[in-house]
Structure formats: structure tokens, C-alpha cells
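**Student:** What follows is a structure written as C-alpha cells; I'll ask about it next.
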Amino acid sequence: MSDTPEADREGELAHPRTVYDLFGHARAAAAMEDAFARGRMHHAWMITGPKGVGKATLAWRLARRVMGAPAAGPEPLSADPAHPACRRIEALSGSDLLLIRRPYNEKTGKLRGEIPVDETRRAPEFFSKSAGEGGWRMCIVDSADELNTNSANALLKTLEEPPRRGLILLIVNTPGRVLPTIRSRCRQLALRPPAPDETARWLNEAHGVDTGAAERAAALADGAPGRALALARSDAPGLKDVIDAALKGLPDIDPGAARKLADAIGRKDGEALRPTLMAFLIGYARDRARAAALAGPGGADPWLDAADQLARLAGDTETLYLDPRQSIHYALGLIRSAAAS
């Protein structure tokens, strides 16, 4: 497999197209398997849920079946990794499968911040061709909330004219960032993370993560298995204590803890930590907003505003390549301002 960075891969974890175990979503997999077996497959599915919950793993699991791999066990959408269809998928060599994602820019040495229109313009030509061995042609977009306006509109044209024996899977972390016209043309399947204690047990039993580290990683990831596994293989579980230390004196922010967070996120190997830290701060602001709303009118407004600004900051940090250290200090400043209001 190439060493070129892949936008749809979580840190140093294996790419979902090479992962054959699906944790926590047997019911969703069974629904897809039943729809495919009965010939009632909607032409476009939008698989939603928090990052790292297993959306891409489910999508690639379905892809193996659609591309011709037979069932290889009692679990829904199971497949044998040795089957030729599975090997073609892992190598991205099958002519009946199209993957649309943020491309790698050879000139800058970085992944593009969004999916450009040239990527989605490949879909109409792809679906215009006859399918090969499996009889189907399939396109996976990971993730659809990274489409820009032009690329989203180009994809919409394909959705408006469903290809015969064609299937489009949109993986979406934030449904609100996807055009309503795209959402309305898809069958939506929402994945929710298992309870953190279940994910912690899975980390411990399936991946050999120490019990304490597994519990902290699962809690920090809100139960999302893929994100929890990525965090467990980093020093993120230990950062939870640093986050708590930074916020415990609100409206004051502990400067030493803030520096530790900024240094950890700013390291080259800290890229996988950034979305999780921002998600934690967004969740923290929203929790404070709910608590303030229950306490009386007006108190929730500063926290709701902080949550909205944090969400925008999280997206801009990834797509505009903002300095992660400065972004974290700014994020903590938003939390401090809300607490002081």
C-alpha cells in the first residue's frame, strides 16, 4: 500500500477498506444486507455519525458484498479477506468502484482542505460505463461534508439521475454541512457510538489496551470505537487530566495546562488528537449551555455562541491549515469568555 497520506484514514490506524471487524453496528449492517439481498437497495445512502464511530468500516463492508464477495460467516456483511473482490478493494484496483475523497497535493505535500469539483465530476463518467463481474458500480464519498459548493452541486446531478445498478454511499460526520438537496435524495442511516464502557471493554479484549487507558480513551471519544482506538495508541488518554486541569478554575484558565495542551496538539504526531480535543471543548460548551438553560433564561446564550464558534474553528483548523497551537489557545479563550459572562 502506498505511503501517500489518505484523507479518509484515521491517524495511523489501518484504512477501513482493510478492516473486516465491525464493532457495535450489527443492526445497521443487517439492514443494509437485507436491502441488498431483497433487491431493495436505495441508489444513495448517507451514513452519518460522529467521527470514528464506524461509518467507513460499514461502507466498505457493504462494498465487498456489492462487488461480489459472498458471505463468510454469520455476522451481517461478512466477507473473506482472501476473496478476489476483497483484494481488489484493498488495492483500490477494481474498475467498478470509485472513491471520492480529499486528494493529496504533490506540490504542497499536504492533503487538500476540501474535495474539489474535479473529483466529483468523475462520477457521471464512471456510472456511464457498464459494470463488470459483480454487475454493480459503486461510489464512496468520504466524507461528503468536505465537499465545496461546486463539488457538491456536481455530485447532486448524479444523485438526481440515479444510475442503473449503481450505488452511492456518502459518509458524513456533520449532516448540517451537506446540502439539503443532497440529503433529501439519500436514505439516511445514523450510527450511534456504543456506551463508553462497552467500547473500553472492546479495546481491552480485542486490542489488548490496558484497562485504565481503555476507559479513558473510550470516555474521551464518547464511545466512538475507531476514535477511541486511535486515542488509545497515542497519549490522548493522559491529556484528559490536562484538559480537566485547564478548565477547573473557570473563568480562569490554568496557563501551565493550556501550554501542555498546545504543545501536545502542535507536535507532528498530534494531528490525530486535534479533532478529539476540539470535539471535547465543543461538547463541554454545549453541556454548560444545557445546564445554564435549566437554571434560568439567558444564561445559555454565551455557551451556545461559544459552541458555534468552536465548531467553526474546528473546521477551519483542518481545512485552512491554521496553526494548531494558536487554535487551541483561541478555543480556550472562547471557553473562558463564556464562563465569565
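Quick note: the coordinates plus some simple rules give every number you see, no bench work behind them. Since the structure is predicted, the reported quantities are computational estimates derived from the model, not experimental observations. Neighbour counts are summed over all protein chains in view; Cβ atoms, including those assigned to glycine, are modelled from backbone coordinates with ideal geometry.
**Student:** Give me the angle, in degrees from 0 to 90, between the Cα long axis of helix 26-37 and the longest principal axis of the Cα atoms of the chain, rounded to the nearest 10.
**Tutor:** 20 degrees
**Student:** Take every Cα pair under 8 Å in the stretch 53-177 that's 6+ residues apart, average their separations, divide by the length, and report that relative contact order as a whole percent.
**Tutor:** Working: 172 pairs, mean separation 30.8, N = 125.
Here the relative contact order equals 25 percent.
**Student:** Quick check: from the Cα gyration tensor, does the chain come out rounded (a/c under 1.5), prolate or oblate? Please list the in-between numbers first.
**Tutor:** On the way: a/c = 1.88, a/b = 1.62, b/c = 1.16.
Here the chain falls in the prolate category.
**Student:** Restricting to the stretch 16-190, compute how many DSSP beta bridges are antiparallel as a %, nearest 5. Numbers along the way, then the final one.
**Tutor:** Working: 2 of 22 bridges.
DSSP beta bridges in the stretch 16-190 are roughly 10 percent antiparallel.
**Student:** Also: May I ask you to compute the full-extension gain from ARG183 to ASP287, defined as 0.36 nm times their residue separation minus their alpha-carbon distance, rounded to one decimal in nm?
**Tutor:** Details: separation 104, 0.36 × 104 = 37.44 nm, distance 2.77 nm.
Full extension of this stretch gives 34.7 nm more.
**Student:** Rounding to the nearest 10 and keeping the result within 0 to 90°, find how far the Cα-based axis of helix 149-160 lies from the longest principal axis of the chain.
**Tutor:** It is inclined by approximately 40 degrees.
**Student:** Right, here's the next one. Given R₀ = 35 Å, what would the calculated FRET efficiency be for ALA91 paired with ASP323, taking r from the Cβ atoms and rounding to 0.05?
**Tutor:** Details: r = 37 Å, r/R0 = 1.05.
Calculated transfer efficiency: 0.45.
**Student:** Going Cα to Cα from LYS110, which lysines come in below 16 Å? Please leave out same-chain ones fewer than 8 positions away.
**Tutor:** LYS268
**Student:** Oh, and also: For the stretch 30-57 and the stretch 135-207, what is the centre-to-centre distance using only Cα atoms, to the nearest Å?
**Tutor:** Here the answer is 9 Å between Cα centres.
**Student:** In addition: Listed highest first by mean packing, meaning other Cβ atoms within 10 Å per residue, what order do 122-128, 295-301, 83-89 come in? Please list the in-between numbers first.
**Tutor:** On the way: 122-128: 15.9, 295-301: 12.1, 83-89: 18.7.
With the highest mean Cβ count within 10 Å placed first, the list reads 83-89, 122-128, 295-301.
**Student:** Over every pair of different alpha-carbon atoms in the stretch 234-340, take the mean of 1/r and invert it; report that Kirkwood radius in Å. Intermediate results must be reported in sequence, preceding the final value.
**Tutor:** Values: mean 1/r = 0.0720 Å⁻¹.
After inverting the mean inverse Cα-Cα distance, the result is 13.9 Å.
**Student:** Determine, for HIS25, HIS43, HIS207, the number of other Cβ atoms within 10 Å of each Cβ, and report the residues in order from fewest to most. Before the final figure, lay out each step's value.
**Tutor:** Values: HIS25 26, HIS43 18, HIS207 13.
The most exposed by this proxy come first: HIS207, HIS43, HIS25.
**Student:** Shape verdict for the stretch 169-310, please, from the Cα gyration tensor: rounded (a/c under 1.5), prolate (a/b greater than b/c) or oblate.
**Tutor:** On the way: a/c = 1.65, a/b = 1.02, b/c = 1.61.
Oblate shape, in that a/c is at least 1.5 and b/c is the bigger or equal ratio.
**Student:** Output the 0 to 90 degree angle, nearest 10, between the alpha-carbon long axis of helix 55-66 and the longest principal axis computed from the alpha carbons of the chain.
**Tutor:** 10 degrees
**Student:** Please give every one of the lysines within straight-line cross-link reach of LYS157, meaning a C-alpha to C-alpha distance under 28 Å, and leave out same-chain neighbours fewer than 8 residues apart.
**Tutor:** LYS51, LYS55, LYS129
**Student:** Give me the extension gain from LEU156 to ALA71: residue separation times 0.36 nm, minus the current Cα-Cα distance, reported in nm with one decimal. Show your work: numbers first, answer last.
**Tutor:** On the way: separation 85, 0.36 × 85 = 30.60 nm, distance 3.25 nm.
Between LEU156 and ALA71, full extension yields an extra 27.3 nm.
**Student:** Quick one: of the DSSP bridges fully inside the stretch 83-171, what percent are antiparallel, nearest 5? All intermediate terms of the calculation are to be shown ahead of the outcome.
**Tutor:** Details: 2 of 13 bridges.
Just about 15 percent of them are antiparallel.
**Student:** Same structure, new question: Remind me, relative contact order of the stretch 234-340 in percent, using alpha carbon pairs under 8 angstrom and six or more residues apart? Display every interim value, and only then the final one.
**Tutor:** Details: 106 pairs, mean separation 32.9, N = 107.
For the stretch 234-340, the relative contact order is 31 percent.
**Student:** Straight-line reach from LYS260: which aspartates and glutamates fall under 18 Å, measuring Cα to Cα and dropping same-chain residues less than 8 apart?
**Tutor:** ASP235, ASP241, ASP244, ASP252, ASP269, GLU271, ASP323
**Student:** Related question: With unit charges on the beta carbons (Lys and Arg positive, Asp and Glu negative) and the dipole taken about the Cα centre of the stretch 16-190, which residue among THR57, GLN188, PHE23 sits farthest to the positive side?
**Tutor:** GLN188
**Student:** Could I ask something else about it? Need one word for the stretch 16-190: rounded, prolate or oblate. Basis is the Cα gyration tensor (sqrt eigenvalues a ≥ b ≥ c); a/c below 1.5 gives rounded, then a/b vs b/c decides. Could the numbers behind the result be given before it?
**Tutor:** Values: a/c = 1.38, a/b = 1.36, b/c = 1.02.
Here the stretch 16-190 falls in the rounded category.
**Student:** In whole percent, what relative contact order does the chain give with Cα contacts below 8 Å and a gap of six or more residues? Present the calculation step by step, with values, prior to reporting the outcome.
**Tutor:** Working: 526 pairs, mean separation 57.3, N = 341.
Once divided by the residue count of the chain, the mean separation gives 17 percent.
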